[in-house]
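The values are calculated or read from the model by the stated rules, or taken from the named source; none is laboratory data. Since the structure is predicted, the reported quantities are computational estimates derived from the model, not experimental observations. A quick note on method: Cβ atoms are made from the backbone with ideal geometry, for glycine too, and the neighbour counts reach across all protein chains shown.
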Amino acid sequence: MESILQDVRYTFRQLRKSPGFALIAVLTLSLGVGGATAIFSVIDAVILRPLPYNQPDRIYVPQILSREGYTQPFSLPSFKDFRTQNHVFAALSAVSSYQGVNLETPSGPVALDWVQGSDDFFDVFGIAPILGRSYRPGEDQPGKNNVAVLSYGVWQTNFGGQTSVIGRALELNGHSYT
């Protein structure tokens, strides 16, 4: 125990003699530990933990290759044909990410990310809403697609987690959604 105390005293004496070196050593160690922690966190979230979907090993993303060799997204008519003629996959769903959408709130517009999916989008991923419902068959068709499913974050942040938001009309980019 006495030798440990001597080592600690010696360490503090050396740190007082050269505080610049001590600061650089502490910063270097902090950056190294922080970097290793960040990298492990990403590897853990992306590789080690399973995806938060029902049977993630059965989810597949088909792609179309152009003659030049780059991938192209499905057009809506191509997707509908592919879905109609499908005899291989248990279910097919389409998704399209938009740049954003403005939600009209009493305090003014709020910019949100917007993803548009086909009527079976949530069924394919095995996701059930906490409250309310997901899309019904046919609600992905033009004129019938005025239904919005809010993320948990949007529900909590913009609606205070109130259950009264279910069935209520929302303004998204100037259009009414339920």
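Quick look at the values:
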{"quantity": "Yes/no for Ser18 being surrounded by 11 or more Cβ atoms within 10 Å (Cβ to Cβ) and of a type in the set (Ser, Thr, Tyr)", "calculated": "yes"}
{"quantity": "Flag if Gln6 is modelled with pLDDT under 85 and out of contact with any Leu (no Cβ under 9 Å at 6 or more places or on another chain)", "calculated": "no"}
{"quantity": "Residues of the stretch 43-68 satisfying the condition of being β-branched (Val, Ile, Thr) and surrounded by fewer than 10 Cβ atoms within 10 Å (Cβ to Cβ)", "calculated": "Val46, Ile47, Val61"}
{"quantity": "Selection status of Gly108, surrounded by 10 or more Cβ atoms within 10 Å (Cβ to Cβ) and at pLDDT 85 or above", "calculated": "no"}
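Residues are listed down the side, and each one gets a yes or a no for (1) within 23 Å of Phe82 (Cα to Cα); (2) not in a loop (DSSP other than H, G, I, E, B):
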{"position": "Leu112", "(1), (2)": "no, yes"}
{"position": "Gln116", "(1), (2)": "yes, yes"}
{"position": "Asp119", "(1), (2)": "yes, no"}
{"position": "Leu131", "(1), (2)": "no, no"}
{"position": "Gly143", "(1), (2)": "yes, no"}
{"position": "Val154", "(1), (2)": "no, yes"}
{"position": "Thr157", "(1), (2)": "no, yes"}
{"position": "Ser164", "(1), (2)": "no, yes"}
